[in-house]
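> Input: one structure, supplied below.
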Amino acid sequence: MAASLRNFFITFILALLVFGGLAFSYYGDLEALLPTPVNDTSSEEGSGDSDTSTPSSIVIPGPDDGGDGLGAINGLIVTKSLKGEIFGAKFLRINSDNRRVITCDLSLNASLLNKVGAPVPLSDYLRLYPIGQATQSIRALTGHAADFYLVVTPETVATMVENLEDVRLPLRQMIRFPNPIYSDYTFEDGELLPQDYYIEIEAGTDILSGDTFSVITGSYAEAYEKQYGPSATGGTVGTVQGQAPDDILQEVYTYLLKQLSGGNKDLLKTDAARLARALSGGETNLTPTYLANHAELLYKYGESNYRMVPVAYSWNSTLNDIRKADQ
């Protein structure tokens, strides 16, 4: 028994010396074969926005006092044209810990994977799929899901104007188009046109007053489409003059959205119900309850002590740039 135990210890020590020496000699080669951890921030419905970029040059100092301590909130704001096509999609991250508001205008050509794994351009994804699904899927593009969403449509404008104060947006260029009441009337050669044959809206007219906006997005848009649209039906060239209705619509969206975090911020911050009414024309989860619970953080957007950090979309660097901007 003693001899067997002695032989065991001798064999163990010899093996330890031999294999320990080999491990020490080849440790570097063995370490190289080990897998390295990967941080997967992509969505289950992932995108082609793989993070293969070189480190971003974004360098932003953090606040000296540790921020406001309210955490962070992310949003997705989508705007639509008169025909329901996607104008744009903006990602917004408000981080109170470092007092930064990070914004990124997402490329409408970026692809998200649908439920069957097929790539779908963001413009089609936002048009075809529920917005609630898109709020989760954009994690693949931004690294964050959206906590709130707002889809701004022409129907949103009326409710926003009704619930905001001191809003005025002048028309940049006069518009003129034939009065629809004469659309079925044929004038004889040499017959004088009636004085009300053309409807004109002068440059400088407040787009948001009276029925100006409804005329622009209604009868003027129809006349513009007939003369300049892809399926134009003809008509005398030059009878319709002015900006494209969708261009005017985009100016209106930009102006009104700025009012939410600008001139009307103090008014709406203390009245969640009013803000909810202002946004009710669009598709949104910004209910009075949600707004009441998150108003303080949401309205950090636009405050002077918060630094605005716009991040440009790029297929291979957006995720990395947003992370660096948010450090």
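The values are calculated or read from the model by the stated rules, or taken from the named source; none is laboratory data. This structure is a prediction, so every number in the text was calculated from the model and none was measured. Heads up, the Cβs are rebuilt from the backbone with ideal geometry, glycines too, and the neighbour counts pull from every protein chain shown. All accessible areas refer to the heavy atoms of the entire protein, side chains included, with ligands and DNA or RNA removed. Shrake-Rupley method; radii C 1.70, N 1.55, O 1.52, S 1.80 Å.
> If you take the beta carbon distance between Thr254 and Glu85 as r and set R0 to 22 Å, what does 1/(1 + (r/R0)^6) give as a FRET efficiency, to the nearest 0.05?
Details: r = 17 Å, r/R0 = 0.78.
Result of the calculation: an efficiency of 0.80.
> How much length would be gained if the chain were fully extended between Ala244 and Lys269, taking 0.36 nm per residue of separation minus their Cα-Cα distance, in nm to one decimal? List each step's numbers first, then the result.
Details: separation 25, 0.36 × 25 = 9.00 nm, distance 3.45 nm.
Length gained between Ala244 and Lys269: 5.5 nm.
> Going down the table (Lys90/Lys269; Lys80/Lys324; Lys90/Lys258; Lys115/Lys324), which pairs top 25 Å between alpha carbons?
Lys80/Lys324; Lys115/Lys324
> What is the spin-label model distance, in nm, from Thr289 to Asp97 if the labels are put 7 Å beyond Cα along the C-beta direction?
2.8 nm
> Same structure again: May I ask for the distance between the Cα centers of the range 113-183 and the range 285-327, given as a whole number of Å?
A separation of 18 Å, based on Cα centres.
> Taking a 1.4 Å probe, which of Met174, Met160, Met308 shows the most accessible area, and what order do the others take after it? Please report the intermediate quantities before stating the final value.
Working: Met174 60, Met160 5, Met308 90 Å².
In descending accessible area the options line up as Met308, Met174, Met160.
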